[in-house]
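First up is the structure itself, then whatever we jot down about it.
The values are calculated or read from the model by the stated rules, or taken from the named source; none is laboratory data. Treat the numbers as computed from the prediction; the structure is a model and nothing was measured. Because the Cβ atoms are built from the backbone with ideal geometry, glycine has one as well, and the counts that use them run over all protein chains shown. Just so you know, the surface numbers come from the protein's heavy atoms only, side chains and all, with ligands and any DNA or RNA stripped out. Shrake-Rupley method; radii C 1.70, N 1.55, O 1.52, S 1.80 Å.
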Amino acid sequence: MSDKPKGTRIRVGLLFGGRSGEHEVSLTSAASVLQALDPSKYEVVPIGITREGRWLIGTATDHLLPQVLDTGQPVTPSLDPSTDGPQLVALGSGRGSAEPTGKLDVIFPVLHGTFGEDGTVQGLLELSGIPYVGAGVLASAVGMDKDIMKRLFRDAGLPVVDWVIVRRGEWQHSRSEVLRLIRKKLRFPLFVKPVNLGSSVGISKVHNERELPAALDLAASFDRKILVEKGVDAREIECSVLGNDRPEASVPGEVIPINEFYDYEAKYLKEGSRLIIPAPLGKRETKRVREFAVRAFQAIEGAGMGRVDFLLDRRTRKIFVNEINTIPGFTPISMYPKLWEATGLAYPKLLDRLIELALERSREKAGTRFDYRPPSS
């Protein structure tokens, strides 16, 4: 719970937008969160990040988030955590002056993709001493890097599909060698993905060798690391996780995409994809999915929230952990809040709990010493 006096609203900075290709998705998620936060409990201050990376703050009366990106006041987090409470600093115009703006109790980042979900913003907030919702620096960075993520899952004993990593420089200078390596290690069909991107941006399903170069070119345009993984004829299962040291898993759900797989178009642009909640699984499969979801969350040192995506092989019924999203979508059709609602936790209560977990983790950090000095001889 909050340490603020009873009856005092918690001041929440709602951070949205960002420099990634998922900018528009972030705006939709943030608008949904803004609508669901209880105004009797929270004073919500919208903070938008433009596509160029400028931070702009609105007021509690700004309910049209795109307007904040057009008319908001330029700000930056203060990097002096010793000040009287967390704060943002308004960037003055003309003379480079700066003055403190209103203090925030917690920031709720609703940023997807690079420069938001990858540990960069989380590191900035850590330096500023501002509590924030969701995973910390390590889990955010690992959760964005699909290669390192899969290694941690594998080391934690979780089942993952086979994969190969290709560097953009390798592909640009040694195309034939890269193609030969992929043919040797994996069988078609394959999925080719940028390692550090979400919302299925830049992903291709490759059915044969002829389609592979174009898929690698596309992924390389989004990232310097490319993931090539074995394609599985699978059902797509998702499970939400909530908590800090004692995380819990929701009931699983199933995605039935309108396209061949759940790509960006199927997620956000084209109607027809279906979400089945709860997923039609046997009791044993449901139990394993929930167990694997918690273990995946713990494997990356997750905190607050996460959505774990699975592949259920149609032929063998084997369950593979595909990936974890540390800032899952919060749009009206997003699986994360829908799964918790089906588990018995309504959307507004879910947001309450996420803010409680952020403040709880902040209080726990406050009890950690950083000032060790060796004893004098």
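For the reader, a short list of remarks on this structure follows.
- Translational diffusion of the range 126-183, estimated by Stokes-Einstein from the Kirkwood radius over alpha carbon pairs at 20 °C in a medium of 1.002 mPa s, is 150 µm² per second.
- Point-to-point label distance, GLU364-ASP147, nm (Cα→Cβ direction, 7 Å offset): 3.1
- Over all distinct Cα-Cα pairs of the range 298-355, the Kirkwood formula returns a hydrodynamic radius of 12.9 Å.
- For LEU14, distant residues with modelled amide H under 5 Å away: VAL45, ILE47, PHE108
- Of LYS103/LYS349; LYS283/LYS318; LYS103/LYS365, those spanning more than 22 Å from alpha-carbon to alpha-carbon: LYS103/LYS349
- Listed values [x] 61, 59, 50; [y] 85, 42, 35; [z] 82, 48, 43, entry calculated as Cα extents along the principal axes in Å: [x]
- Per DSSP, loop GluC sites (Glu not before Pro) in the range 17-55 with at most 15 further Cβ within 10 Å: GLU52
- Among ALA366, ALA90, ALA219: highest mean-square fluctuation, GNM of the chain, C-alpha pairs under 10 Å: ALA366
- If you plug the beta carbon distance of ASP38 and LYS287 into 1/(1 + (r/R0)^6) with R0 = 41 Å, you get a FRET efficiency near 0.75.
- Of ILE276, ILE319, ILE57, the one that fluctuates the most in a GNM where the chain has Cα springs shorter than 10 Å: ILE276
- For GLY231, the residues whose modelled amide H falls within less than 5 Å of its own, excluding neighbours fewer than 5 places apart on the same chain, are LEU190, PHE191.
- The C-alpha atoms of the chain define a longest principal axis, and helix 347-366 lies at about 70 degrees to it.
- What a 1.4 Å probe finds exposed on the chain is 50% carbon and sulfur by accessible area, rounded to a whole percent.
- Amide H contacts of ALA303 (H built 1.01 Å from N, in plane; Pro and chain starts excluded): ALA135, GLY136 sit under 5 Å, all sequence-distant by 5 or more or on other chains.
- Extension gain, ARG183 back to GLN67 (0.36 nm per residue minus Cα-Cα distance, nm): 36.8 nm
- Sites ARG167 and GLU301, calculated FRET efficiency, Cβ-Cβ separation with R0 25 Å, nearest 0.05: 0.45
- Length released on extending from ARG314 to SER82, taking residue separation times 0.36 nm less the Cα-Cα span: 78.0 nm
- Springs join every pair of Cα atoms under 10 Å in this Gaussian network model of the chain, and among GLU229, GLU285, GLU323 the largest mean-square fluctuation is at GLU285.
- With protein chains left intact and a 1.4 Å probe, residues in the chain average 48 Å² of accessible area per residue.
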